[in-house]
Amino acid sequence: MKIGLNLPVMAPGLDRGLLEAWCRGIDEGPFSCLAVGERINFPNPELTVTISAAAAWTSRVPLFYNVLVLPMHPAARAAKQIATLDVLSKGRVVLGVGVGAREDDYDAVGAKWSGRLGTLERQVREMRAYWAGEPASALTTAPIEPQPVQAGGPKILMGALFPKAITRAAHFADGILGFSFTVAREELDYAFEGARNAWKAAGRTAKPTLITGSWFALGPNGRQQMDDYLARYLSFLGPSAAGLIPLVRTVDAQGVRDAVARATDAGADEVVFAPTTLDPTEIKRLEDLLF
């Protein structure tokens, strides 16, 4: 099973030097992807700008949108940005898309919150059409260029945890990706079996790519590091966050190993871990533990 690593974009204090150190450390290691997530009303760097910088600082590792909240973006512009990044990175883009969970982010960019799952499916189909050379406007016959290096465009994975989204994903995505507090076997089986069944019901011959992820902390004060990070990141949940934070057990070597073992047994193709510190030495800790 593959192990990917997010950049620490949701941790406070990230600057150019630290970001470059993380990008180079991930690229020089054995990791299966370098991933970046998206938020608007949060002090994280913008997703596509950040992943573009990562493309310049790396040469090997796949670059994973984890995830692009697609209904917050015009499909034509997203298609052009992603195709450009695919060209600049020599075909290393993997596109995770989702509908997000923060209405305030939608409101900040003037995007429509209602009907977002249907919007996302339509947008994915539109982007694939644009990458195939179809024009985006009735006012021109010109295609949106550049075309992606990857024929047909990058692999597209749907951020889907629940049956409705998983069933929809089977009609337009190449697989599903999730994120878990506990990486519990029951949770993984629920999502992965749901995806396998949905793919069969949709007449898909290829198996769905199955990805999960979680936070991790491997430093000397892992529990406190995790608690502080999540208290900040989950503050939008209010008092309910306090009950969720202790569920995350990937705060030491054994917790991370156990999570990987459960994901492997459930049939995951990849686990993408998210760091809870800016310290780049965390990259080597994870590498030494799992490879």
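Tell me, yes or no, whether segment 115-127 has at least one residue that is of a type in the set (G, A, S) and surrounded by 13 or more Cβ atoms within 10 Å (Cβ to Cβ). Scanning segment 115-127, I find no residue that is of a type in the set (G, A, S) and surrounded by 13 or more Cβ atoms within 10 Å (Cβ to Cβ), so the answer is no.
Evaluated against (1) under 23 Å from the mean Cα position of the chain (by Cα); (2) not in a helix (DSSP H, G or I), G219 falls short on exactly one condition, (1). Inspection of segment 174-189 identifies at least one residue that is assigned to a strand (DSSP E or B), in contact (Cβ under 8 Å) with a residue 60 or more places away in the chain and touching an Asp or Glu at 6+ places or on another chain (Cβ under 8 Å). Given segment 6-109, what strands (runs of 3 or more DSSP E) lie entirely inside it while holding 1 or more residues that are farther than 24 Å from A217 by Cα, aliphatic (A, V, I, L, M) and within 18 Å of the chain's Cα centre (by Cα)? By residue number, 63-69, 93-98. Within segment 244-269, the set of residues being surrounded by 23 or more Cβ atoms within 10 Å (Cβ to Cβ) and out of contact with any Ser or Thr (no Cβ under 6 Å at 6 or more places or on another chain) comprises V248 only. For the residues R257, R249, the requirement of being in contact (Cβ under 8 Å) with a residue 24 or more places away in the chain, part of a helix (DSSP H, G or I) and more than 19 Å from the chain's Cα centre (by Cα) singles out R257. Checked against the criterion of being in contact with a Phe, Trp or Tyr (Cβ under 8 Å, 6 or more places away or on another chain), surrounded by fewer than 20 Cβ atoms within 10 Å (Cβ to Cβ) and under 25 Å from P143 (Cα atoms), the candidates A76, A83 yield just one match: A76. Residues in segment 29-43 that are farther than 19 Å from L95 by Cα and either β-branched (V, I, T) or in contact with a helix residue (DSSP H, G or I) (Cβ under 9 Å, 6 or more places away or on another chain) (or both): G29, P30, N41, F42.
Read-outs throughout are calculated quantities, based only on the coordinates presented, and are distinct from any laboratory measurement. Please read all numbers here as calculations on a predicted model, not as lab measurements. Cβ sites come from the backbone with ideal geometry, for glycine too, and all protein chains shown count toward neighbours.
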